[in-house]
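See below for the structure under consideration.
The values are calculated or read from the model by the stated rules, or taken from the named source; none is laboratory data. Every value quoted in this text rests on a predicted model; they were computed, and no experiment measured them. Cβ: placed from backbone, ideal geometry, glycine included. Neighbour counts: every protein chain shown. Just the protein is used for accessible areas: all its heavy atoms, side chains included, with ligands, DNA and RNA removed. Shrake-Rupley method; radii C 1.70, N 1.55, O 1.52, S 1.80 Å.
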Amino acid sequence: MPAERAPTGARLVGRYALLCVIAFVVLFPIYTTVIGAFKPPGELLDNPLVPGPFTLDNFGDAWTDGRLGRYLLNSLVVASIITIAQLVTSVLSGYAFSMLDFPGRNVLFVLFISTMLVPFEATVVVNRRTVGTLDWINTYQGLAIPFVATAFGTFLVRQAFLALPGELRDAARIDGAGHLAFVWHVAVPIMRPTLGALALFGFLSAYNQYLWPNVITTEDDMNTVQSGLRALRESAIQQPALVMAGTIIAAVPIVIALLLFQKALIRGLSAGAVKG
């Protein structure tokens, strides 16, 4: 059957070629950034794609001159608050929309999910006025409160609840477990992959915020790492190696989070895909 094997081999070669092209497009900017970050400032433009003399001075200068330590702390604190709050609100709302029976549940759920169609930029002005009225400018709560609930998280957790066997809730009710006891002791341990995926999404989204921190902060000490990179780029416009080093420092928490939760992300996205 040689005639049938040739097209299969050609398709495989085409697929691998396409994957190689995509990998090159994705990895090339990362490669140039890493190479540039380790090069002495004066030698960055000399063979920028070829590794040369290595130095760690760029990282030290970006950390001290760019105040990345303070900005990283702010980003990690805000991202942690948002992630934990989204997990709590998503679990509670997902349970209510899947396990509780109350009038207008489906309509309310559709209205709640429809908020995903509203871009955040359309609510910036109102949120800014609300936070200003509460005197939360330049505070962690001002940076975090608008994001403590997410319609996507509610939808994801609701699907995970619907995938749970109904016998589990009946058995817990017979044992005298209330709603919170069932959620904490039964549902949450089973839904760890889903919650892990949601936590990763929430952390990455909160950590990479740029618009809202710039709207809500006026003091340099409350800037997040994304705002800090912008300031570093503006102050070190003649030192691109410094900016590249700062970019790598800012990317370290993202890489760590992806490495730790990549399996939970894959399992979580498929956990609620099929009911039963």
Distance between the C-alpha centers of the stretch 124-139 and the stretch 167-218? Whole Å please. 26
Would you mind telling me the share, in percent, of accessible area of the chain contributed by carbon and sulfur at probe 1.4 angstrom? 68
Sum up the charges of everything whose Cβ sits under 13 Å from the Cβ of D221, counting Lys and Arg as +1 and Asp and Glu as -1, but leave D221 out. 0
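Per DSSP helix of 4 or more residues, -39500 (n - 2.57); summed, then divided by the residues of the chain. What does that give at 222 nm, rounded to the nearest 500? Don't skip to the answer; put the middle values down first.
Details: 13 runs with 192 residues, N = 276.
Mean residue ellipticity at 222 nm (helix-derived): -22500 deg cm²/dmol.
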Taking T247, T83 and ranking on accessible area (1.4 Å, protein atoms only), highest first, one gets T247, T83
Explain nothing, just the number: dipole magnitude of the chain about its Cα centre with +1 on each Lys and Arg Cβ and -1 on each Asp and Glu Cβ, in debye rounded to the nearest 20. 920
Please list log₁₀ I(q)/I(0) at q = 0.15, 0.20, 0.30, 0.33 Å⁻¹ for the stretch 190-238, using the Debye equation with identical point scatterers on the alpha-carbon positions. -0.53, -0.72, -1.06, -1.15
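With a 1.4 Å probe and all protein chains kept in place, how do S93, S75, S80 rank by accessible area, largest first?
On the way: S93 25, S75 5, S80 50 Å².
Ranked from most to least accessible, the order is S80, S93, S75.
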Sticking with the crude label model, points 7 Å out along Cα→Cβ, report the distance from A177 to F54 in nm, one decimal please. 5.2
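Relative contact order (percent) for the stretch 97-165, with alpha-carbon contacts under 8 angstrom and 6 or more residues of separation?
Numbers: 21 pairs, mean separation 36.7, N = 69.
Reported as a whole number, the value is 53 percent.
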What is the calculated FRET efficiency for T139 to W184, with r their C-beta to C-beta distance and R₀ = 22 Å, to the nearest 0.05? 0.15
Just name one of P53, G142, L68: the one whose Cα is farthest towards the positive end of the charge dipole of the stretch 47-182 (beta-carbon charges, Lys/Arg +1, Asp/Glu -1). G142
With unit charges on the beta carbon (Lys/Arg positive, Asp/Glu negative), name the residue among N127, V243, L180 whose Cα is farthest towards the positive pole of the charge dipole of the chain. L180
Each residue of the stretch 153-168 in order: what ³J(HN,Hα) in whole Hz does its phi give by Karplus 6.51 cos²θ - 1.76 cosθ + 1.60, θ = phi - 60°, with x for Gly and Pro? x, 4, 4, 5, 6, 4, 4, 5, 5, 5, 7, 6, x, x, 5, 5
At what distance in nm do the modelled label points of S114 and Y16 sit from each other, each positioned 7 Å from its Cα along Cα→Cβ? 5.1
Can you tell me the Rg and the Dmax, both Å, for the Cα atoms in the chain? 23.9, 76
Mean accessible surface per residue for the chain, computed with a 1.4 Å probe while every protein chain stays in place, in Å²: 59
Rounded to 0.05, the calculated FRET efficiency for the beta carbons of D65 and D170 at R₀ = 45 Å is 0.15
Using each residue's phi in the stretch 130-143, evaluate 6.51 cos²θ - 1.76 cosθ + 1.60 at θ = phi - 60° and report the 3J(HN,Hα) Karplus result to the nearest Hz, with x for Gly and Pro. 5, 5, x, 5, 7, 6, 10, 5, 6, 9, 5, 5, x, 6
